[in-house]
Amino acid sequence: MPSSKKPARKADKPIPAGLPSREQVLRFIEDSPSAVGKREIAKHFALRGADKIALKALLKDMTDEGLVDLAPGRAFHKHGGLPRVTVLRVAAVEGDTVWAVPERWEGSAPPPRLRVMEKGRRSALGLGDRILARTEERGSGHVAHPMKRLQAGGETIIGVLVADTGPGGKPITWLRPADKRARFDFAVSDMGDAGIGDLVRAELSGRGPATKARVVERIGDPFAPRSLSMIAIAKHEIPHVFGEETLAEAERAAKLPLTPDGREDLRGLPIVAIDPADARDHDDAVWAAPDEDPGNKGGWRAIVAIADVSYYVRADGALDREARRRGNSVYFPDRVVPMLPETLSAGVCSLKAGEDRAAMACHLTVDRHGKVTSWRFTRALVRLRANIAYERAQAAHDTDAPDEGWDADVLPSLQNLWGCWALLAKARAARAPLDLDLPERQVILDDKGGIAEIRVRERLDAHRLIEDYMIAANVAAAKALEAKKSPVMYRIHEPPSREKLVSLKDYLESFEQSFALGQVITPAVFNRLIDGFSEDDRLPEIMQAILRSQTQAYYGPANAGHFGLALGSYAHFTSPIRRYADLIVHRALVDSYRLEVSGKPKNLPERTGLGEADRKGLSRIGETISALERRAMEAERETIDRYVAAYLAGKIGEIVPARITGVQPFGFFATVDGLGGDGLVPVSTLGSERFFYDEAARTLDSEHGRVSYSVGQRLDLRLMEANRVSGALRFELPDAPEGGPAKRPPRRDGKGKHMVGKRGRPGNIRHQGKRR
């Protein structure tokens, strides 16, 4: 679990003569091949008597400042890093490769995976085993050298308690895991104070079928209205409660005076915000007008006004530490877990119509070809004319009619925004960024928190308009910082690796589509591929395959461009309420362009620019917030799947329209058209014929060639199971044989068998006992 640090002390506190500096101590800890305690540090620097006492105080200061952490055994290591010697738990065994994670982890990012280097032993370690190991940084990761195996400790798991009846009518309680990949429910030995239906954290003991679960924490009822996201929050350990120190600082920050001093007064401009209808935190607002400069005939001036979060969230304060620990806001259908307390995120930082707000303004000059020719950044004071939902903005543009209650200048402002955007869109088309139009599922809840509807979110021109203004401002921020040789937290998207391209090529060959590996790979290459399948039912699978071929975007101070957007320099500037990376960029702009505001607030850090931790730890911060972003995306995706499963739970046994999304030797995966979700059709339910898996074509073919199942194929399936705890679905063919595996209990004691095999070889028989 991430640690709660004390307030940081001033880094320039004088160091007594004879003591090493903080930098020297850190360097010694980092370079030491073994664990380092106070004794080892004192010996290395030849400290005696009173200097040893002073060293103890120095190490305490460094711990309070977040420079080092104290590991078990009184050994120090760099904050957020791995101790030289630590306890690890085996998390995965893949063939002869063993992966472990720290049993105790206090970094803000998810714990690292270490490859365990077992000397001369084959599969000596198993899942859940605990070891004392020496860690070593190697390449871009870490490896672990086991020192000794430790006594077994309990592995924890998140799940929901369910009731069942055993032999002789005896009641049994099971723990149903929240992880979709888990194949078993676990018998519960001790429920603690939890009840049936509760979401719990449990400790597992024993191995194989004898594994038991003991409840160690009751988390709550995940099936209460607006509560299904609790599962993902608990499973991914997403911080969702703010501490008293953070809330107190947020209250003090919210009372900061807001005056035109040091700010450009833009309250007279009809600036508007266009957001989702249910948005609570409004980061951005926009304005545009034809440029009256005769040197820019046919061009436009535009302003992208972004909430000035850096004015309220000062570097190295309690708010800042908590925001960095969270990394981003997490958006679920039933709640938002904000990066900042609501006093700020939905209060004084949020750009609301009719209220004075602090903003960071990006002024853009756009020529008649849509090229942004110049930019400047100011701190500003804004008062929005309107907060408009995407749908309403689109309707007003399409009908040329204002909404009831709008000021007279709102509709002309929208018309100007569309006029400038027409040029930005032209420039975007010429740049040819990757154009993957993948459907986004939207869960609509009713007033009581029940599921009213699940639908694909409509993609409007209003969405594209705001997206292009935001991209223009993000590029301007990156280039403005580069011009000042300032630190930049870039948003980086590297080109696909050759390995991924080879895999895509092999996949496309199954569609009789060629793909030349020797060509220069640009986003336009993938766009032409998409255009070639524009009238094909298999287009969704093609776009998913292209998406899988892409690298994961991340944050970092070393620019490598943004492949997907076809941009050489790109940073995130436009969402500082919900992304820590944007807050770093704002602070860098404050420093680079001397935008510091005057005044010394009481009980708050003084400066609004970059802090010491920002400057010295930009790479580490980038790695941390990239990992936290991936955690948030996974949690959001899993929660949508759980809502889909909950929605479908009332349709068990019904026939649903589906599309095959993946084929494996053990069956094929399918999704429900229009709803999403992901479910397996086991090969054991496909009939009495033997089926063979063609790896190259990614098909399952019956022995006599009568039936074949392939990616993209549309078919009707019978929904057999919808697990709202994990979000997993299970399907069968509408005419699955009577008395076959379809009749087995859906969770436990299934004894179905299936045959699978490579083309031309007999399949193997696999027993599936207690399979979920």
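Given the structure, is residue 730 closer than 21 Å to residue 641 by Cβ and either open to solvent by 30 Å² or more (accessible area, probe 1.4 Å) or among the β-branched types (Val, Ile, Thr) (or both)? It is false that residue 730 is closer than 21 Å to residue 641 by Cβ and either open to solvent by 30 Å² or more (accessible area, probe 1.4 Å) or among the β-branched types (Val, Ile, Thr) (or both). For the residues 674, 650, the requirement of being over 24 Å from residue 550 (Cα atoms), open to solvent by 30 Å² or more (accessible area, probe 1.4 Å) and outside any helix (DSSP H, G or I) singles out 674.
Hey, among 365, 373, which residue is touching an Asp or Glu at 6+ places or on another chain (Cβ under 6 Å), over 26 Å from residue 458 (Cβ atoms) and not hydrophobic (A, V, I, L, M, F, W, C)? Don't jump to the end; show me each part of the working.
Details: 365 fails: touching an Asp or Glu at 6+ places or on another chain (Cβ under 6 Å).
Only one candidate qualifies: 373.
Screening residue 342 against (1) open to solvent by 20 Å² or more (accessible area, probe 1.4 Å); (2) in contact with a Pro (Cβ under 9 Å, 6 or more places away or on another chain); (3) under 24 Å from residue 625 (Cα atoms) leaves a single unmet condition, (2). Of all residues in region 695-721, those satisfying the criterion of being surrounded by 14 or more Cβ atoms within 10 Å (Cβ to Cβ), in a strand (DSSP E or B) and either charged (D, E, K, R) or out of contact with any helix residue (DSSP H, G or I) (no Cβ under 6 Å at 6 or more places or on another chain) (or both) are 699, 700, 701, 702, 708, 709, 710, 715, 717, 718, 720, 721. Of the residues 279, 273, the single one that is open to solvent by less than 60 Å² (accessible area, probe 1.4 Å), under 14 Å from residue 357 (Cα atoms) and either assigned to a helix (DSSP H, G or I) or hydrophobic (A, V, I, L, M, F, W, C) (or both) is 273. The condition (being among the aliphatic types (A, V, I, L, M), at negative phi, out of contact with any strand residue (DSSP E or B) (no Cβ under 8 Å at 6 or more places or on another chain) and open to solvent by 10 Å² or more (accessible area, probe 1.4 Å)) is satisfied by just one residue among 627, 566, 588: 627. Residue 552 meets the conditions (1) free of Cβ contacts under 8 Å to residues at least 24 places away in the same chain; (2) closer than 23 Å to residue 522 by Cβ in every case but one. The failed one is (1).
Comparison of 689, 634 shows that the only residue that is in contact with a His (Cβ under 9 Å, 6 or more places away or on another chain), surrounded by fewer than 18 Cβ atoms within 10 Å (Cβ to Cβ) and over 22 Å from residue 181 (Cα atoms) is 689.
Applying the set (1) in contact (Cβ under 8 Å) with a residue 40 or more places away in the chain; (2) assigned to a loop (DSSP other than H, G, I, E, B); (3) out of contact with any helix residue (DSSP H, G or I) (no Cβ under 9 Å at 6 or more places or on another chain); (4) not β-branched (Val, Ile, Thr) to residue 268 leaves exactly one unmet item: (1). Only a single item in (1) modelled with pLDDT under 95; (2) over 23 Å from the mean Cα position of the chain (by Cα); (3) open to solvent by 10 Å² or more (accessible area, probe 1.4 Å) is not met by residue 682, and it is number (3). Among the residues of region 285-329, the one identified as in contact with an Asp or Glu (Cβ under 6 Å, 6 or more places away or on another chain), assigned to a loop (DSSP other than H, G, I, E, B) and under 16 Å from residue 416 (Cα atoms) is 299.
The values are calculated or read from the model by the stated rules, or taken from the named source; none is laboratory data. Everything numeric here is computed off the predicted structure, so don't read it as measured data. Glycine gets a Cβ as well: all are built from the backbone with ideal geometry, and neighbour counts include every protein chain shown. Surface accessibility is based on the protein's heavy atoms, side chains included, excluding ligands, DNA and RNA. Shrake-Rupley method; radii C 1.70, N 1.55, O 1.52, S 1.80 Å.
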